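Participant: Before anything else, here's the structure in question.
The values are calculated or read from the model by the stated rules, or taken from the named source; none is laboratory data. This structure is a prediction, so every number in the text was calculated from the model and none was measured. Cβ: placed from backbone, ideal geometry, glycine included. Neighbour counts: every protein chain shown. Surface areas here come from the heavy atoms of the whole protein model, side chains and all, with no ligands, DNA or RNA. Shrake-Rupley method; radii C 1.70, N 1.55, O 1.52, S 1.80 Å.
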Amino acid sequence: MFGWIPGLSYLMSGAKAQGSKEKSLTMSTQNTDRQHPAVLLNFLSKVGLEKFYPNKLTLRSLLKINKNSIHEEAVSSVKDIPWGFLRKLFKLNSECRSCTQLSDNDDDDDYDPYTADDPAEDNKVNPLDLIVALFLCADSFLQQEMALKMSMCQFSVPLLLPHGNNSQSTLMLWALRDIVKEWRPHHLSESRGFVENNIIQADIPFYSFVRLKNCSLSKSQCLNHILSFGQYNNNMFIHGDMKGIAHERKIANGLVEVCWYLPSGTENLDIFPKPVAFANLRGDIYESLAQFTFLFQVSTATFVFLDKVEEEEHNVLTSLQDVKSKLFFVVNRKEGNVTEDMVSVERTQKELDLPKTRIKIKDPRVNVATFSDKLCTAIKKSLTDVTTTMTIENMLERAVELGLSVDERTSDDEKKAAQEIVKGIGVQRIPDYKNQQLPLQGVNWKRLSQLEMEECRLQEPGDLEPEEYKSQLQGEKQQIKKELGKHKLSHAMKSFIDHLSTADKDKRDFFVKWVKLQLNAHLQTAIQLPLLRHKLTEQSNKEEKNVKEIAQLDQALLDSSLGIEHYMREMGLIYEVSLQSQDTADKMSHLPGLAAEMLLDGYPLELLDGDASNIPERWVTDVLMELHRKVGEKSRLLVLTVLGVQSSGKSTLLNTMFGVQFPVSSGRCTRGAYMLFLRVSEDMQCQLNCNFIVLIDTEGLKSPHLAQLEDSYGHDNQLATFVIGLSDVTIINVSMENSTEMKDVLQIATHAFLRMKEIGKKPVCHFVHQNVGGVSAHAKTKADRKLFLDQLNEMTQIAAEMEKQPAIKAFTDVLDYDMEKNNWNIPGLWQGTPPMAPVNTGYSEAVADLKKNLLKTVKRDKRYEVPQIPEFLEWMRSLWKAVKYENFIFSFRNTIAAHAYDNVCKEFNQWEWEFRKEILSWQTSAEWDISYGDNKSDLSHLYELVQSKKLQVEEKIADQDKLMKQKLQEYYKRKDRHVNLIEKFKTDFFNSISSLANEIRQSVDNKLDCALKLRKSLKEVQDIQRNNRGMIEEQVMNLLRDCKHQTLTDKELEDEFEKMWAEVTVNVSGLKEQNIEASILKQLRKQFLNHNVNEELQNIGDLEDIVKDPFKAKKKHLKTNLPLIKNKDTKRELQSFVDSVIESCTRFVHDAAKTDTDYNDSFTRELLEKVDESLKQYSKDYKPKFEFDLKLYMCGIASREFLHMHRKFLSNRDPKRQLEKYKPQYLSDFIDLYKQRDDCQRKAKDFVRCCIKPAVEEYISRSLGIQILDQILTSCHSAEYSSRSFFQYNIQKELLQKEDFESFVKYICTYEIYVKDWIFQHVLRNMSIDKTLCKLKNNNLQVIVHKITEARERASKGEDGVLLPDNQESITKLIDKMRKYLIKDISISVEAERSTLFQIQSTCHPFTKSLIKSLGELKEQLQEEFSNSDDITETLNKLPIKPQDELFKRMFGCGQQCPFCKVPCEAGGKDHKKHHAAVHRPQGLGTYRVVATEKLVPTLCTTDVHSKRKFKNAETKWVYHPYKEYTKYYPDWHIPPDSTIEASDYWKYVLVQYNERFAQAYKAKPADVPEAWRSITKEQALKGLKDAFNIK
């Protein structure tokens, strides 16, 4: 057990008598000792802190975001008091000491002074007891934080903390180590210099104030008067007259508090000309002898407050040594008979030989304030005599000698380790130390960062081609990385990493803190830092600024700056460099886990290295991924950032809001951005929808000295865009006082917000106006807020103009902004003049309100999915990459956004197929109804039927349109698909749905018109067939009569039949042929109705003659205002364009002509529309004559092919040919009738062959197209058609594997045809695998045979369910009923039926049996045909709904190609505003060539559009135009930079492999490809392709 004896024996060493006095003193103290444990534990139990004793309450537990962060609950019980105090203290609310008692609602009038103990006392806690209890329960780091916050509030802080369980105290050296103060002594007033120092290391005179037990004058009150003389009265020390103070202390006696007076350099305001420390011992000295002895020994002077001196106190005082210079008596003389009291004082004075000047007597007539002036004067006078002072740090030895414990003795090992690490700083200059011990963050790291930036911007290529320049930059980067890899681990970093790696978290925390403290100590004593800062400020303030010198001074200041963050940065770079070698990677693999633990423990992580303007991406990624794993992959992040000008209180705002400790010292020169993780308590995770709140603290914008440098605006823009892009909530700190500065900050911020809007991120934004106070501030600033909004709008317009977004006119177009709710007025931080001003309570309350509002807003707003760490990292990488490019909006490409877009495209494609499938199924049924379904055959009825079908489909399309839009709307409401990132595409998709509906409507209308035309032609054919059949049957019967009386052999009968057949059919005429050429020309004329081409239309000759020779682009097709040399280039371009259009359109004509239908005018209309679509993609350097000639030429091709198609259709339906088809059957009928044979079996077979089989085949084909599509889109190959980007990936992957040059050329130059062929081949392969087509056909066959069987069974019975009579008439009834039952499925031709059943001699029952048998045979026959058929191509080409065409529509999209490299657009839907593609190509592959040399251009357009290069072509009228401004001529294209330099490896590889052959094919010279491209392998090319398309 610790005793008071060592201190006392030392104290009493000069005393004459010890015996009985010492014994009584010992007993007294020991009795007190025995009381302490119970009193302390009782008190801790009363306030609910017993479970935290000793030192179990941690800082990180208090920083958690919990329900009190949003709804701060009132203190309702004594056990709530500590938490209410801590909450207010951490908000820097100086009212925190007033919340130590519960409100007493009893009326004062009810108080009875004679009743028992006051029950209200149970609700009161003395603030000093509470502070002692909290310091006893707090761990070392919470003690530091509490002391720091108390000091900022200008409260006294514990110097000696009583243990509570005995009289022993602890010197709180560690707890005070974090307190750094600034002051200006009077001798520095003129130079405006200041001193910044750790308060325990400062040489400051130290005055102690103690009392004897009988003193009635409050020393604390006197001290407060002394310390706030001339300023607002500030209660630094708690005293009895303060509001809400419970007088009786339970555990705080023996507490020594300390505070400091610090001068501001203004003589009129300052009480003392230099800093002074004041210590205050609570309780009387007799009860705390060890503390008193310590104070007396370390103090410059000690003031003893007393009324009289009792015997024990006399003994203590007279035992002191060296009292003349160090002791003051402050005597409180009372009114009345006080002679005896004064005698005791005089006796002690004489024995101590104290001069009278050392006795300060307070007359009862003098108030405390006036008397305090007297004490103040005494202190001032004493200061002039001070020769030596002792720092608090140096008091340690005295404390140990006196048996006091010291709080930081537990971390001596860590202190030594920290000293070892920084020991070189005193010996050498900081820049030299950094070069030696932290070598990786030197020149090479900065150069690497510059190279990465230059790689994106390509600002200084010199004479090199961009791709060659990029390769050179890549080479230099690799060289630097090699150089960095050669560095060995320095002594300082090895020690730093070793000590961080300890498993004991407390040791690690002590170590990190000691390193910080040691560094701060060295920086504060370093002469160069203040000198550099002074020079920099001096240069920046000059009217004629030397920019070069400012830059050099700024760099020197950076080089001389050193903090713990530099060691952490070096650790990150050590990890990054270690990854180059497996050996070093293994050794350093634990570092990210270590940093992740520190991040979880509340240490900040450097996100953006401001010195090098770079992010160590791999390090940050691996650290955060380790953190993600450590928290069980529950890492939803809510990110909050504060932005503002330098020194505007951003860090202080964050510190006050969340109780954290971002550096705010003026010595900090660190730049960039730091992130700090705050855990959200489990009860709030659901409400806030996050697991962590991440705070990002940034360097200040518009740094006064950096503003002079060229790239300062760009630097600020980068920083703002990056951190705002990462943030969910952004606070912009603005000052209404400096309007120019405010405008600059607003412009930077609006730039960033505008960019975020474009990429789909909408952070919440609040503007904080600091230093705006007063009760009328809100009303007064209404006009200011209006003015502020006007300025915001003005800055938005400027930013929108710079970002080429003219549609944006106001800030509210960019963000949801409310002038009232998004503006916050916050009073000034200090209440009075620093350094003695406390924190303004209004400031802390306003900041607390802001925090609550922010969290409430987050709680309400749950529109989008909150990202976890992997998504946050992906977003961070994409943001940083985009920031590195100057033109942010057009360079942003994010994998998360790409996945989100790809997902919506996949869904959209699925919905589109459901839409098409629904309408196609309906269309199939409608076409059937029109062509075969209705027996009424007059034309007017058919026309009405078609019109009613068109009205039906209109409604059906409208329903599907609405349904698809609802699906899209619902999709955009989902929170799990990052839909906020693709918000800007929402309108495009809605427009695409409307466009799809129109396209389907037009297509169905055309199909219905075709069905009507087919029905008309069928009716015509049927009428002719009916007449011919009647005539033939009549002649057959006549011949039968003539031959019946003769006996003829079969040969003779055949001869007679042949003779009759020839005579009868000689006059049968064919169908009339349409004038297809005239019909096509009629459609052409309609197109050119309002064009000035009448003469050409009149002079059209034979269309066949027009297409005898290939189409040639001629001089007369070009505009006349082009220079002669450009005419040649334009003509070549035009010819190339014409060739591809003709090839594509000819394919369309051939595909249409392959079907079994007749020609329809809609084919020509579609053809001409297709030519129009192609012409839209081409420049307008041609005359109208060109368009006319091209369309006329296509009409020539169409005329030839459609005429063949028409003739084939007529041939298939030719009446004579139809008769010939039935000739064998009529012959058999004739012979059977002649011989009177039973024809039952043959008739049934013929009926099935001629009537059922064609109908069954038609049924199978009718729905086969949709079934094939369903099969492909639901099979293992469905992913290939899930989105256009994945489709492109598959095509390009196959091209690479085939290694066929002709395929590459076809893919690039005739993309549409290549895609059609690719899809067709893919469908062929798909259908041939496992005989898929055969299975689909058999399924349909099964269905229809089942339906026919059912229909036959029903038809064979009468209405009464009895079988039909067994006679010939029943056969007709049977077939009529079958036709009726099958009307919705198949059409049994009446004419065919009558021909086949002509003169049937059988009765119904035998015929039915034969029919059953023939149907079975038909099924087997068709199954065998399907199984043996290898010609899938013919099947696909003849299907009414061709799967290859539907897949083409799904995947081809808008069909637009990049104007530079000809890569096809991959955007979802058809009606999108911007075309884009994942991977662009070297422009030479798109036929671009260098004008002067005719060499193919190797540069990628994704490189050029971010370089300073220019292009010229027909669009630019052959005038050079900057690539960066390509949107002037191609506003519909969005060409971002490649996601990585490897992304375009695929096409680089292709160009290198086939350079010569491409040149030959394009009639150009081979490209000069960069040497680095030649080393790209096929495997690398494929990997680049995968990365570009985000294929895992």
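Participant: Based on alpha-carbon positions alone, could you give the equivalent ellipsoid semi-axes of the stretch 976-1114 from the gyration tensor, as √(5λ), descending, whole Å?
Facilitator: Listed largest to smallest, the semi-axes of the stretch 976-1114 are 58, 29, 15 Å.
Participant: Which of the trypsin sites (Lys or Arg not before Pro) across the stretch 1166-1272 are loop residues per DSSP, with 11 or fewer other Cβ within 10 Å?
Facilitator: Working: sites: Lys1170, Lys1176, Lys1180, Lys1185, Lys1191, Arg1200, Arg1207, Lys1208, Arg1213, Lys1216, Arg1217, Lys1221, Lys1235, Arg1237, Arg1242, Lys1243, Lys1245, Arg1249, Arg1262; in loops: Lys1180, Arg1213, Arg1237.
Counting only loop positions with at most 11 other Cβ atoms within 10 Å, the trypsin sites (Lys or Arg not before Pro) in the stretch 1166-1272 are Lys1180.
Participant: Continuing with the same structure: Arg1489's amide H: which non-local residues (gap 5+, or another chain) put their own amide H closer than 5 Å, with H modeled 1.01 Å from N in plane and none for Pro or chain starts?
Facilitator: Here the answer is Val1497, since their amide H atoms fall under 5 Å of that of Arg1489.
Participant: Moving to a separate point now. Would you pull out the residues with amide H under 5 Å of Val642's amide H, same chain only if 5 or more places away, H placed 1.01 Å from N?
Facilitator: Excluding prolines and chain starts, which carry no amide H, the hits are Ile696, Thr698, Ile731.
Participant: Ok, one more. Over the Cα atoms of the stretch 1449-1591, what radius of gyration and what Dmax do you get, in Å?
Facilitator: Rg, Dmax (Cα atoms, Å): 15.1, 42.
Participant: Over the chain, what is the relative contact order in whole percent, taking alpha-carbon pairs under 8 Å and six or more residues apart?
Facilitator: About 8 percent, as a whole number.
Participant: Hey, can you grab everything whose amide H is under 5 Å from the amide H of Val406? Only 5+ residues off in sequence or another chain; H modelled, so Pro and N-termini drop out.
Facilitator: Residues meeting the amide H criterion: Leu171.
Participant: Please report the spacing between the Cα centers of the stretch 126-151 and the stretch 986-1048 in Å, no decimals.
Facilitator: What the calculation gives is 98 Å, centre to centre.
Participant: Follow-up question, since we're still on this one. Please calculate how many Å² of accessible area the chain carries per residue, with a 1.4 Å probe and no DNA, RNA or ligand atoms counted.
Facilitator: Details: 68560 Å² over 1592 residues.
In whole numbers, the chain has 43 Å² accessible per residue.
Participant: Another question, then. About the Cα centre, and with charges only on the beta carbon of Lys, Arg (+1) and Asp, Glu (-1), how big is the dipole of the chain? Nearest 20 debye, please. Could you put the intermediate results ahead of the total?
Facilitator: Working: 222 positive and 229 negative charges, 445 e Å.
It comes to approximately 2140 debye.
Participant: In whole Hz, what ³J(HN,Hα) sequence does the stretch 1564-1574 give by Karplus (6.51, -1.76, 1.60; θ = phi - 60°), x for Gly and Pro?
Facilitator: Each residue's phi maps through the Karplus curve to give 9, 9, x, 6, 8, 7, x, 4, 4, 5, 5 Hz.
Participant: Still on this structure: What angle do you read, to the nearest 10 degrees and between 0 and 90, between the alpha-carbon axis of helix 1311-1328 and the longest principal axis of the chain?
Facilitator: So the helix axis and the longest Cα principal axis differ by about 80 degrees.
Participant: Rg and Dmax of the chain, Cα atoms, in Å?
Facilitator: Just the Cα atoms of the chain yield Rg and Dmax of 47.8, 177 Å.
Participant: Let me ask something additional. How are the C-alpha pair distances of the stretch 1410-1451 spread across 10 Å bins, as whole percents from the shortest bin up?
Facilitator: P(r) over the stretch 1410-1451, rounded to whole percents: 24, 31, 27, 15, 4, 0.
Participant: Which links in Lys1115/Lys1298; Lys761/Lys856; Lys1221/Lys1357 stretch past 31 Å when you go from one Cα to the other? Provide the component values of the computation, followed by the final result.
Facilitator: On the way: Lys1115/Lys1298 40 Å; Lys761/Lys856 20 Å; Lys1221/Lys1357 33 Å.
Beyond 31 Å between Cα atoms: Lys1115/Lys1298; Lys1221/Lys1357.
Participant: In degrees from 0 to 90, rounded to the nearest 10, what is the angle of the helix 505-525 Cα long axis to the longest principal axis of the chain?
Facilitator: 70
Participant: Considering just Cα atoms, how many Å³ per residue does the convex hull of the stretch 386-536 enclose?
Facilitator: Looking at the stretch 386-536, the number lands at 182 Å³ per residue.
Participant: If N is the number of residues in the stretch 589-630, what value comes out of its Cα radius of gyration divided by 2.2 N^0.38 Å?
Facilitator: That works out to 1.13 for the stretch 589-630.
Participant: What are the extents of the Cα atoms of the stretch 1373-1515 along their three principal axes, listed from largest to smallest and rounded to whole Å?
Facilitator: So the extents along the principal axes, rounded to whole Å, are 92, 33, 25.
Participant: Using the structure shown, list the pairs from Lys356/Lys381; Lys481/Lys1578; Lys488/Lys881; Lys1051/Lys1243 with a Cα-Cα distance above 19 Å, or answer none.
Facilitator: Lys481/Lys1578; Lys488/Lys881; Lys1051/Lys1243
Participant: Which of the trypsin sites (Lys or Arg not before Pro) found in the stretch 1024-1094 are in a DSSP loop and have at most 14 neighbouring Cβ atoms, other than their own, within 10 Å?
Facilitator: For trypsin sites (Lys or Arg not before Pro) across the stretch 1024-1094 that sit outside H, G, I, E and B with at most 14 neighbouring Cβ atoms in 10 Å, the list reads Lys1072.
Participant: Going down the list Lys786/Lys809; Lys1059/Lys1409; Lys1191/Lys1216, which pairs span over 26 Å between their C-alpha atoms?
Facilitator: On the way: Lys786/Lys809 16 Å; Lys1059/Lys1409 36 Å; Lys1191/Lys1216 38 Å.
Table pairs above 26 Å Cα-Cα are Lys1059/Lys1409; Lys1191/Lys1216.
Participant: Taking the alpha-carbon distance from Lys350 and a cut-off under 20 Å, which aspartates and glutamates remain once sequence neighbours fewer than 8 residues away in the same chain are dropped?
Facilitator: Within the straight-line limit of under 20 Å, Lys350 reaches these aspartates and glutamates: Asp307, Glu310, Glu311, Glu312, Glu313, Asp322, Glu340, Asp341.
Participant: May I ask you to give the percent of accessible area on the chain that is carbon plus sulfur, with a probe radius of 1.4 Å?
Facilitator: Roughly 49 percent of what the probe reaches on the chain is carbon or sulfur.
Participant: Per Stokes-Einstein, at 37 °C and 0.692 mPa s, what whole-number D in µm² s⁻¹ belongs to the stretch 938-1051, with the Kirkwood radius over Cα pairs as the hydrodynamic radius?
Facilitator: For these conditions, the coefficient is 167 µm²/s.
Participant: Spelling out what I want: for every residue of the stretch 1263-1269, take phi, set θ = phi - 60°, compute 6.51 cos²θ - 1.76 cosθ + 1.60 (Karplus), and round to whole Hz; glycine and proline get x.
Facilitator: 9, 5, x, 5, 5, 4, 4
Participant: In whole Hz, with x marking every Gly and Pro, tabulate ³J(HN,Hα) for the stretch 1004-1012 from phi via Karplus 6.51 cos²θ - 1.76 cosθ + 1.60, θ = phi - 60°.
Facilitator: The phi angles translate into 5, 4, 4, 5, 5, 5, 4, 4, 5 Hz.
Participant: Using the 2.2 N^0.38 Å rule of thumb for compact globular proteins, work out how the stretch 255-401 stacks up: its C-alpha Rg over that value, please.
Facilitator: 1.10
Participant: Among the chymotrypsin sites (Phe, Trp or Tyr not before Pro) in the stretch 212-300, which ones are in a DSSP loop with at most 14 other Cβ atoms within 10 Å of the Cβ? Mind listing them?
Facilitator: Answer by residue number: Tyr232.
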